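See structure below.
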Amino acid sequence: MTETTGRFTEQAMATAMHQITGHLGVAADDAHLLRLTNNAVYALPDTGLVIRIARTHQLHDRVYKVVRLAGWFAEVDAPTVRLAPAIAQPVQVGDLLASVWLYVPPTPQAPTVDDLGRALREFHALGVPPFPVPSWDPVGDARRRIADAEGLKDSDRGFLLDWCDCLGPRVDALNNRAPGRLIHGDAHVGNLLRQPTGRVVLCDFDATCFGPWQADLAAVAVGEVRFGRTGTHSALAAAYGYDVTADPDWPLLRDARELKMVAAAVPLLASSTGIAAEFAVRLRSIVDGDRAARWTPFAQVGR
């Protein structure tokens with residue numbers, strides 16, 4: 001088992017957040033944690049900012065990608081949140097990287113899965129940015145997370161790597177034959193925000209890439225089964241105009257999504273007992289081939 005150092009703990013992230021606000025010259029008196037999964041996300045409503053700190057070194061390349069994409073999103077008026085202006089990004093604190101965004105305050109009417117379907121249709125119609133974008137690579141992403149894992153048992157590491165070996169050729173084959181588009185990569189209602197104008201926008205572009213657009217519809221379909229969200233898939237299919245579970249590649253899209261949902265936890269096992277417990281539940285259901293086992297969103301488990 002890898003030695004635990006605790007370098008991604010909540011305390012370490014809070015320290016980094018205060019260092020970033022000091023660097024920016026803004027107050028952090030009202031700072032509060034929004035999310036603590038693969039990123040530590042802090043809202044600073046009084047200053048109108050959100051600070052997003054990557055919690056794993058293996059995904060630093062994503063931070064640079066996201067910053068570049070965000071600039072292009074602003075140029076084409078994409079349905080996305082915006083980076084904070086006049087800040088050199090990404091921001092580095094020690095060996096951690098962060099991005100800084102404009103804060104979108106909560107609205108009485110929360111975004112819905114119908115909003116997600118409409119936002120994805122608009123997002124998929126954007127075209128391709130005038131710079132290289134990574135190809136859809138759920139297996140490579142999983143391998144990078146596994147490489148940065150603290151507290152991962154050798155037996156679990158071996159199972160995950162074998163799973164990657166099995167999925168890799170199937171993913172490559174789909175990428176080679178399917179028409180590619182810019183895809184969000186982690187499309188679910190939790191990554192939607194409703195602006196004060198009423199426009200619904202996407203956030204969290206860590207997984208944004210070029211690949212089969214159907215992959216963006218898989219998260220809701222898998223989430224309905226794993227999280228017990230009855231009716232969400234049919235609503236998304238109606239709003240978008242396509243039922244991904246009827247796609248010939250649905251079994252692969254489902255497996256790729258579940259790999260992401262399991263591997264997302266491995267860099268954080270040593271710093272969160274709640275995530276470690278949920279990881280064990282998810283992995284056991286995959287090992288047992290239990291397609292109906294219920295999971296709990298990582299954002300809802302104890303830290």
Is it the case that the stretch 178-201 has a residue that's farther than 25 Å from residue 55 by Cα, modelled with pLDDT of 95 or more and in contact with a Lys or Arg (Cβ under 6 Å, 6 or more places away or on another chain)?
-> yes
Could you figure out which of (1) under 18 Å from residue 163 (Cβ atoms); (2) within 19 Å of the chain's Cα centre (by Cα); (3) of a type in the set (Val, Ile, Thr) isn't true of residue 287?
-> (2)
Any chance the stretch 58-72 includes a residue that's modelled with pLDDT of 90 or more, over 20 Å from the mean Cα position of the chain (by Cα) and of a type outside the set (Val, Ile, Thr)?
-> no
In this structure, does residue 64 turn out to be closer than 27 Å to residue 21 by Cα and loosely packed, with under 14 Cβ neighbours inside 10 Å?
-> yes
In the stretch 176-186, is there at least one residue being under 20 Å from the mean Cα position of the chain (by Cα), buried (at least 18 other Cβ atoms within 10 Å of the Cβ) and over 18 Å from residue 65 (Cα atoms)?
-> no
The condition of being within 20 Å of the chain's Cα centre (by Cα), part of a helix (DSSP H, G or I) and surrounded by fewer than 13 Cβ atoms within 10 Å (Cβ to Cβ) holds, among 256, 299, only for 299
In the stretch 178-203, how many residues are within 20 Å of residue 45 (Cβ to Cβ), touching a Ser or Thr at 6+ places or on another chain (Cβ under 6 Å) and not β-branched (Val, Ile, Thr)?
-> 1
Only one residue in 41, 67, 76, 50 is touching a Gly at 6+ places or on another chain (Cβ under 9 Å) and free of Cβ contacts under 8 Å to residues at least 60 places away in the same chain, so which one is that?
-> 76
Go over the candidates 247, 204 one by one and state the one that is farther than 30 Å from residue 109 by Cβ, modelled with pLDDT of 95 or more and of a type outside the set (Ser, Thr, Tyr).
-> 247
Return the only residue of 96, 33, 49 being surrounded by fewer than 18 Cβ atoms within 10 Å (Cβ to Cβ) and either closer than 15 Å to residue 203 by Cβ or of a type in the set (A, V, I, L, M, F, W, C) (or both).
-> 33
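The values are calculated or read from the model by the stated rules, or taken from the named source; none is laboratory data. Predicted, not measured: the structure shown is a model, and the values here were computed from it. For neighbour counting, all protein chains shown are included, and Cβ atoms are generated from backbone atoms with ideal geometry for every residue, glycine included.
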